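Read through the structure below, which is laid out as structure tokens, and then see the notes.
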Ligand SMILES: [Zn+2]
């Protein structure tokens, strides 16, 4: 009786709590972090991944637009939306002010005139490091861009792409700028 349910999860739980309590970095600190990653001269080991991996054929999926609340169809995989939401939630869990909206093509065009429509479903990613600032917005439909940013925010040097190839965060400065609006060279 009275046995703590925490014991069941053991270390995993503790690790998670530690991560959540870490303070999110400011823009300046993120710039410093990338510089530190770039300065790391440890040899880079690359995995080529499984290039011949072929996922099942896409299906026609119905999604709801977060902006106009209309339903629309796109061709993709059922798990795609959840996967996108999960990775953004992970960024949120470590303390970052991020948000994800799903938009139909009409809304993506109307509300983000500076952004190019790339697909029949649009993932609008919001990022800011300071609550007094406006969110940086990007239509980011490429899952690997989220993986790149998550690795960076977690101070991990590398990440596995969609086909399990290894990528290094410090070689993806453009992706990080696209996702966060941070100009790392200023
Ligand atoms: Zn819409």
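The set of residues in the stretch 93-108 that are surrounded by 15 or more Cβ atoms within 10 Å (Cβ to Cβ) and either without any contact (Cβ under 8 Å) to a residue 12 or more places away in the chain or within 13 Å of the chain's Cα centre (by Cα) (or both) comprises 94, 96, 97, 98, 99, 100, 101. Take the stretch 24-40 and flag every residue that is touching a residue at least 24 places away in the same chain (Cβ under 8 Å), over 18 Å from the mean Cα position of the chain (by Cα) and within 16 Å of residue 154 (Cβ to Cβ). 37, 40, listed by residue number. Which residue is farthest from the ligand (Cβ to nearest atom), if the candidates are limited to the stretch 95-110 and must be farther than 15 Å from residue 69 by Cα and out of contact with any helix residue (DSSP H, G or I) (no Cβ under 8 Å at 6 or more places or on another chain)? By that ranking, first place goes to 97. State the number of residues belonging to the stretch 54-66 that are assigned to a strand (DSSP E or B) and within 16 Å of the ligand (Cβ to nearest atom). Count: 4.
Screening residue 13 with (1) in contact with a helix residue (DSSP H, G or I) (Cβ under 8 Å, 6 or more places away or on another chain); (2) modelled with pLDDT of 90 or more; (3) outside any strand (DSSP E or B); (4) more than 16 Å from the ligand (Cβ to nearest atom) gives one miss only, at (2). The sole residue among 171, 156 that is surrounded by fewer than 19 Cβ atoms within 10 Å (Cβ to Cβ) and within 20 Å of residue 86 (Cα to Cα) is 156. Scan the stretch 67-84 for residues that are within 16 Å of the ligand (Cβ to nearest atom) and either in contact (Cβ under 8 Å) with a residue 40 or more places away in the chain or not in a loop (DSSP other than H, G, I, E, B) (or both) and the total you get is 6.
The values are calculated or read from the model by the stated rules, or taken from the named source; none is laboratory data. Quantities reported herein were computed from a predicted structural model and do not represent experimental measurements. No Cβ is skipped: glycine too gets one built from the backbone with ideal geometry, and neighbour counts run over all protein chains shown.
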